[in-house]
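*Asks:* Below is one structure. I have some questions about it.
FYI, it's all coordinate maths here, none of it is from the lab. Since this is a predicted model, take the numbers as computed values, not measurements. Here Cβ is always computed from backbone atoms with ideal geometry, including for glycine, and neighbour counts include all displayed protein chains.
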Amino acid sequence: MPERLFGTDGIRGKAGHYPLDEKTVEAIGQSLVKNLTRELGRAPAIIIGRDTRESGPQIENALARGALTAGACVESAGVITTPGVAFITLRESFDAGVVISASHNPYEDNGIKVFSPSGKKLSDEMERRIESSLSTVETVGAIDFQSAHPSWSDRHCSLYIDHLVEQVGEGLSLEGMRIGLDCANGAASHIAPQVFERLGAKAEVICASPDGRNINEDCGSLHLEKLQRLIAEGELDLGIAFDGDADRALMVDERGSLVDGDHELLILARLRKKQNRLPGNTVVSTVMSNIGLEIALRHHEIEMIRSQVGDRFVLEEMLRRGANLGGEQSGHIIFPDISLAGDGIVTAIEMLRAVVDSGQTLSQLAAELEKFPQALVNARVSRKPPIESMPAVVAEIQKIEDEMQGRGRLLVRYSGTENLARVMIEGEDQTLIEEQAHHLADLIRRSIG
């Protein structure tokens, strides 16, 4: 069986090392084009975009070289957000869009993800075909990349910015609003400031000077301290923090408090229900969303459906149910009526629309969500047997759930990448749930041996 390279969010690894070494990346480009050619009956057209990592141009060139060798027409959008590539793929009728990015990871990492013309990520079937074609590729060490240059045009990024302002932001005026933007020294650095200033806001911008190595470094959606200080010191109305490829956005209210993806889903669901734009009064989140969100949505007669962790699974559940709002605590929010790819800038625009529409501050909008205390404990295990195959563990889970009496939530799952069992408990008493989580994690560890 061919080695699995694609995870839930494409291929990830250390830049310059397998599978992101020159030989393998070039082979990925060739395999992608050969499979697309077989499917389409003609040579495909591919658009490539990347974030600001120093390894981005080299990986882009290696992939383009492989694709060009296999007969594709290849264009580059240069530095652009992940959802920007998804938009361009659809808007300009490319057969595939490729993003060179490792999202919120440190600069040493990089990755490859592929979008279909619909804006969805590459199908599992196509990923398996590509992996099958790579079965003879040998693992190699870090090497120097050689150059190859797809045709480049800045019109792709300009089209995306115009779309965000004129279509997504249609009818929204941010005149008089002062906002802080943390661009994570990533792909949003030259895009987000233009978008929000064109919509009328006065933007104070930080972490928008990428040098190839400072992407996500003590900034962006994983490190909000700088943005929180900016809001406090500048007396701004709110702040927005993106990650390296800007497919997610977290916010900071005027008091400097975090407004995460759970808050965003509640605020956006209320607005969309008011506008009769929430089909089935349904929101899709993941098993990691706080039970407080479920309770708050229920108060508004909105049902919350939980999917597996990962935007891919959220989108699949949304499409299955016909929902048009879903996302994760990380701020990766999906609006299928706008785009099938999570877009941090779109999320921020829609959140600002909610603020303007309500006439309230962001802190007032977020206040309705009462988050339950949460305990998360990891247990290192030697293997991953089904949880239901361990009677003592099943009995303890049932005991804890009975004690909660519907005012809490317990989740046990294995890590997808490590030999870890993850125990998450939410409840009203922090001390109690921490004791329960540690006890259950120890029991799992002992039961597996």
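*Asks:* For region 1-102, state which trypsin sites (Lys or Arg not before Pro) are in a DSSP loop and have at most 13 other beta carbons lying within 10 Å of their beta carbon.
*Replies:* In loop regions of region 1-102 (DSSP not H, G, I, E or B), the sparsely surrounded trypsin sites (Lys or Arg not before Pro) are Arg4, Arg42.
*Asks:* Along Cα→Cβ, 7 Å out, is where each label goes; now give me the distance between the ones at Glu418 and Ala395 in nm to one decimal.
*Replies:* Output for this residue pair reads 3.1 nm.
*Asks:* In debye to the nearest 20, how big a dipole does the chain give about its Cα centre with +1 on each Lys and Arg Cβ and -1 on each Asp and Glu Cβ? Mind dumping the intermediate values first?
*Replies:* Working: 47 positive and 68 negative charges, 238 e Å.
Roughly 1140 debye for the chain.
*Asks:* Another one. Taking loop as defined by DSSP and a crowding limit of 15 other beta carbons within 10 Å, which trypsin sites (Lys or Arg not before Pro) in region 192-222 fit?
*Replies:* Numbers: sites: Arg198, Lys202, Arg213; in loops: Arg213.
Loop-located and lightly packed - Arg213.
*Asks:* Taking a 23 Å limit on the Cα-Cα distance, which of the listed pairs Lys14/Lys113; Lys202/Lys226; Lys113/Lys371 fall beyond it?
*Replies:* Lys113/Lys371
*Asks:* A follow-up question, please. Output the direction-averaged projected area (hull surface divided by four) of the convex hull of the alpha-carbon atoms of region 374-448, in nm².
*Replies:* Values: hull surface 17.8 nm².
Taking a quarter of the hull surface, the average projection is 4.5 nm².
*Asks:* Could I ask something else about it? Filter the trypsin sites (Lys or Arg not before Pro) in region 381-430 down to the DSSP loop ones having no more than 13 other Cβ atoms within 10 Å, then list what survives. Present the calculation step by step, with values, prior to reporting the outcome.
*Replies:* Details: sites: Arg383, Lys399, Arg407, Arg409, Arg413, Arg422; in loops: Arg383, Arg407.
Answer in residue order: Arg383, Arg407.
*Asks:* Just want to confirm a number: the relative contact order over the chain, from Cα pairs under 8 angstrom separated by 6+ residues, in percent.
*Replies:* Working: 986 pairs, mean separation 54.6, N = 449.
For the chain, the relative contact order is 12 percent.
*Asks:* If you don't mind, another one. Which values, in whole Å and largest first, are the semi-axes of the equivalent ellipsoid of the chain obtained as the square root of 5 times each eigenvalue of the Cα gyration tensor? It would help to have the intermediate numbers written out before the result.
*Replies:* Working: eigenvalues 244, 181, 79 Å².
Equivalent ellipsoid of the chain: 35, 30, 20 Å, largest first.
*Asks:* A further question follows. Between Glu225 and Glu435, what FRET efficiency comes out of the Förster formula 1/(1 + (r/R0)^6) with R0 = 25 Å and r the beta carbon distance, rounded to 0.05?
*Replies:* Details: r = 31 Å, r/R0 = 1.23.
Calculated value: 0.25.
*Asks:* For q values of 0.13, 0.14, 0.18 Å⁻¹, compute log₁₀ I(q)/I(0) with the Debye formula on a Cα-only model of region 11-153, without solvent.
*Replies:* -0.48, -0.56, -0.97
*Asks:* Okay, helix-only estimate at 222 nm for the chain: each DSSP H run of n ≥ 4 adds -39500 (n - 2.57), divide by all residues, round to 500 deg cm²/dmol; what do you get? Each step should come with its number before you reach the end.
*Replies:* Working: 14 runs with 166 residues, N = 449.
After summing the helix terms and dividing by residue count, I get -11500 deg cm²/dmol.
*Asks:* Can you give the local net charge around Ser103? Use residues other than it whose beta-carbon is closer than 10 angstrom to its beta-carbon, Lys and Arg +1, Asp and Glu -1. Can you show the working numbers first?
*Replies:* On the way: positive: Arg12, Lys113, Arg248; negative: Asp9, Asp51, Asp109, Asp243, Asp245, Asp247.
My count for the surroundings of Ser103 gives -3.
*Asks:* For region 1-145, what does the relative contact order come out to in percent, with C-alpha contacts under 8 Å and a separation of six or more? Could you put the intermediate results ahead of the total?
*Replies:* Numbers: 295 pairs, mean separation 48.8, N = 145.
RCO, region 1-145: 34 percent.
*Asks:* Which shape class applies to region 158-256: rounded if a/c is under 1.5, otherwise prolate when a/b exceeds b/c and oblate if not, where a ≥ b ≥ c are the square roots of the Cα gyration tensor eigenvalues?
*Replies:* Details: a/c = 2.08, a/b = 1.15, b/c = 1.81.
Since a/c reaches 1.5 but b/c is at least a/b, the shape of region 158-256 is classed as oblate.
*Asks:* What does the charge dipole of region 309-371 about its Cα centre add up to, to the nearest 20 debye, if the Cβ of each Lys and Arg holds +1 and the Cβ of each Asp and Glu holds -1? Write down the numbers at each step before the final one.
*Replies:* On the way: 5 positive and 10 negative charges, 13 e Å.
Magnitude of the dipole: close to 60 debye.
*Asks:* Mind checking which helices in the chain clear 18 Å along their axis (Cα) and have mean Kyte-Doolittle hydropathy of 0.5 or more, DSSP H runs only?
*Replies:* Numbers: long enough: 22-40 (27 Å, -0.33); 56-69 (20 Å, -0.04); 261-274 (19 Å, -0.42); 344-358 (21 Å, 1.17); 391-404 (20 Å, -0.01); 430-448 (27 Å, -0.31).
Answer set is 344-358.
*Asks:* Set the Förster distance to 22 Å, then compute FRET efficiency between Leu134 and Arg383 from the Cβ-Cβ distance, nearest 0.05. Could you put the intermediate results ahead of the total?
*Replies:* Details: r = 28 Å, r/R0 = 1.28.
Working from the Cβ atoms, E equals 0.20.
*Asks:* Counting DSSP beta bridges with both partners in region 11-153, what percentage is antiparallel, nearest 5? It would help to have the intermediate numbers written out before the result.
*Replies:* Details: 9 of 22 bridges.
Among the beta bridges of region 11-153, antiparallel pairing accounts for roughly 40 percent.
*Asks:* Give me, ordered by chain and number, the residues 5 or more places off Val259 or on other chains with an amide H under 5 Å from its own placed amide H.
*Replies:* Met251, Val252, Asp253
*Asks:* Another one. Output the antiparallel fraction of DSSP beta bridges having both residues in the chain, as a percent to the nearest 5.
*Replies:* Values: 32 of 60 bridges.
If I count the DSSP bridges inside the chain, around 55 percent turn out antiparallel.
*Asks:* So between Trp152 and Arg91, what do we pick up on full extension, going 0.36 nm a residue minus the alpha carbon distance? Don't skip to the answer; put the middle values down first.
*Replies:* On the way: separation 61, 0.36 × 61 = 21.96 nm, distance 1.68 nm.
Result for the pair: 20.3 nm of gain on full extension.
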